[in-house]
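Reviewing the structure listed below.
The values are calculated or read from the model by the stated rules, or taken from the named source; none is laboratory data. It should be emphasised that the depicted structure is a prediction, and the values quoted were computed from it without experimental measurement. Neighbour counts are summed over all protein chains in view; Cβ atoms, including those assigned to glycine, are modelled from backbone coordinates with ideal geometry. Note: accessible area is taken over every heavy atom of the protein model, side chains too, but ligands, DNA and RNA are not part of it. Shrake-Rupley method; radii C 1.70, N 1.55, O 1.52, S 1.80 Å.
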Amino acid sequence: MTKALRCAPTDFEESDRVPSDRLPVRRPVRLPSAADHTEPVLDVVVPVFNEETDLEPSVRRLHAHLRETFPYPFRITVADNASTDATPRIAARLAAELPEATWIRLDEKGRGRALRTAWSGSKAPVLAYLDVDLSTELNALLPLVAPLISGHSDIAIGTRLARGSRVTRGPRREIISRCYNALLRSTLAVGFSDAQCGFKAVRRDVAERLLPLVEDSGWFFDTELLVIAERAGLRIHEVPVDWVDDPDSRVDLVSTAVADLRGIARIGRALARGTLPTARLGRVSESAPPASPTAQLLRFCAVGVLSTIGYVLLYTALRPMTGPQAANVWALLVCAVANTAANRRLTFGLRGRGGVLRHQAKGLAVLGLGLALTSGSLAALHHWTRAPGRSTEIVVLVAANLAATVLRFLLMRTWVFTDAAARGDGAEGGPR
C-alpha cells in the first residue's frame with residue numbers, strides 16, 4: 001500500500017473555494033485564476049527515483065526560473081518514488097530551504113503513482129509535472145500553463161514532434177518515440193502528437209475527474225490520461241518545445257515498451273466495448289442542440305431529407321452498373337454511415353470520438369431495417385410489375401424509406417444514442 005508524507009503543506013482557505021451551488025453539473029469549472037491569488041496557482045511536480053545527482057541543481061534551477069518569470073504564486077513538489085540513495089535527504093533539505101518547495105515520499109515506484117498522489121493532494125488550480133533532468137527548455141513552462149490558468153484549455157502537453165519543436169537526441173530514441181506515437185494514432189486514433197514528453201499540465205478540476213479513471217501507475221499513465229481526456233472531448237493544448245535528450249536516462253526501454261503495448265491493448269478493448277466511462281468528463285458546448293423530442297425530431301428529419309437526396313443520387317448513378325438490388329445496398333450503406341455521423345452530432349449533440357465505433361455499429365444494425373423495407377419493396381414491385389420504370393422504382397424506394405424513418409428515429413433515441421438520452425443534457429462534450 002502506498003503511503004505519502006507531505007512536508008510544508010499549503011492549503012486553500014475556504015473563502016478561496018468556488019461555492020458548490022455555483023458549479024455546473026458534469027463539466028469542468030471554466031473560471032480563470034484571479035490575478036491577486038495569494039495561494040499557489042501552479043503546483044509543479046518533479047517525480048524522482050534515485051536522483052541524488054540531478055535533484056538539487058534541477059530544483060534550484062526550476063525555482064529560480066519560476067521566481068523570475070512566473071507571475072503567480074507557485075509550488076514545487078518533489079515526489080520521491082521509494083528512492084534508496086540520498087534523494088529523500090536532498091528533497092527534505094530543499095523543502096526546508098526553499099519556501100515554495102515541498103516533497104512527498106512514496107513506498108512504491110511508478111511515475112504514474114507519484115503523479116496521482118501529488119496531484120490528488122494538491123489544492124493548486126493548475127497541476128503540472130516535468131522530468132528531473134529538465135530536458136525540456138523551461139521557457140516553454142509559461143506557454144504550457146497559461147491556457148489552463150485562463151480557462152481556455154483543460155490539459156496542456158509539450159510536444160517534440162510538432163512543427164516548431166527543436167529536439168536533440170539519438171536516432172534510437174527518436175525512432176522509438178515516433179513509432180510509439182504512430183502506433184497510438186493508428187490503433188487508438190488519437191489526435192495529440194506526443195504522448196510521452198515529460199512536460200504536461202492539467203487543471204485541478206479536470207484532474208479530479210480524470211484520475212479515478214486512469215488505471216496505470218507507471219509510464220503509460222500519461223498516454224491513458226490523454227486518451228481518456230481526448231475521447232471525452234476535453235481541450236488539449238500543445239506547445240512545441242526545445243528538448244535535449246538526457247544520456248543518463250534510467251528508463252528501461254524494453255520493459256517500458258512492453259508495458260505500453262499492454263496499455264494500448266487494454267484501452268483499445270475498452271473503447272471497442274464502449275466501457276471507457278468518459279461521458280461525464282466532456283465539456284458542454286453552449287451550442288449543443290436541445291434534448292427535447294420535438295427538437296430532435298426536426299433535426300432528424302432535416303438530416304433524413306439530405307440523406308434521402310443523397311440516396312436517390314447514389315442509387316441512380318449505381319443502378320446501370322450494378323442492378324437495382326446491389327445499387328440499393330451500396331447507396332443505403334454509404335448514406336447510413338453519413339446519416340449516423342450527422343445525427344450523432346446534430347440531432348443528439350454528441351461530440352468527440354468517444355463511442356463513435358459503437359454508435360456506427362448500432363447505426364449499421366438499424367440499416368438492416370431500411371434494407372429489409374426497401375429491398376422488400378423492390379422485390380414486391382418487380383413481382384407485380386414485370387418492367388417498372390425507373391421513376392416508379394424511385395417512388396417506391398422513397399416511400400419505403402419514409403416508412404422506416406419513424407422507426408429509425410425511435411431506435412436511435414432509445415438504443416443507438418442512449419448516451420445522450422441517459423444524461424438528459426443532449427451533449428457528450430464540446431469540440432476540441
Open to solvent by 20 Å² or more (accessible area, probe 1.4 Å), under 17 Å from Glu56 (Cα atoms), touching a residue at least 24 places away in the same chain (Cβ under 8 Å) and hydroxyl-bearing (Ser, Thr, Tyr): which single residue out of Thr102, Thr84 fits that description?
Thr84
I need the full set of residues from segment 366-404 which are among the aliphatic types (A, V, I, L, M), surrounded by 14 or more Cβ atoms within 10 Å (Cβ to Cβ) and under 19 Å from Cys301 (Cβ atoms), in order please.
Val366, Leu367, Leu369, Leu373, Leu397, Val398, Ala400, Ala403, Ala404
What pairs can you find where one residue is in segment 161-176 and at negative phi and open to solvent by less than 40 Å² (accessible area, probe 1.4 Å), the other is part of a loop (DSSP other than H, G, I, E, B) and not basic (Lys, Arg), and their Cβ atoms are less than 8 Å apart, with a gap of 6+ or different chains?
Leu161/Ser193; Leu161/Asp194; Ala162/Ser193; Ala162/Asp194; Ser165/Val241; Gly170/Asp245
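Can you tell me which of Leu188, Leu144 is crowded, with 18+ Cβ neighbours inside 10 Å, farther than 22 Å from Ala118 by Cβ and aliphatic (A, V, I, L, M)?
Values: Leu144 fails: farther than 22 Å from Ala118 by Cβ.
Exactly one residue qualifies, and that residue is Leu188.
Name the one entry in Leu134, Leu138 that is farther than 17 Å from Phe220 by Cα, touching a helix residue (DSSP H, G or I) at 6+ places or on another chain (Cβ under 7 Å), open to solvent by 10 Å² or more (accessible area, probe 1.4 Å) and not hydroxyl-bearing (Ser, Thr, Tyr). I'd like the intermediate steps shown before the answer.
On the way: Leu138 fails: open to solvent by 10 Å² or more (accessible area, probe 1.4 Å).
Result of the check over Leu134, Leu138: Leu134.
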Enumeration of residues in segment 308-362 that are in a helix (DSSP H, G or I), in contact (Cβ under 8 Å) with a residue 60 or more places away in the chain and aromatic (Phe, Trp, Tyr)
Tyr311, Tyr315
Here are some residues: Val284, Val251. Which one is under 28 Å from the mean Cα position of the chain (by Cα), under 30 Å from Arg166 (Cβ atoms), part of a loop (DSSP other than H, G, I, E, B) and modelled with pLDDT under 85?
Val251
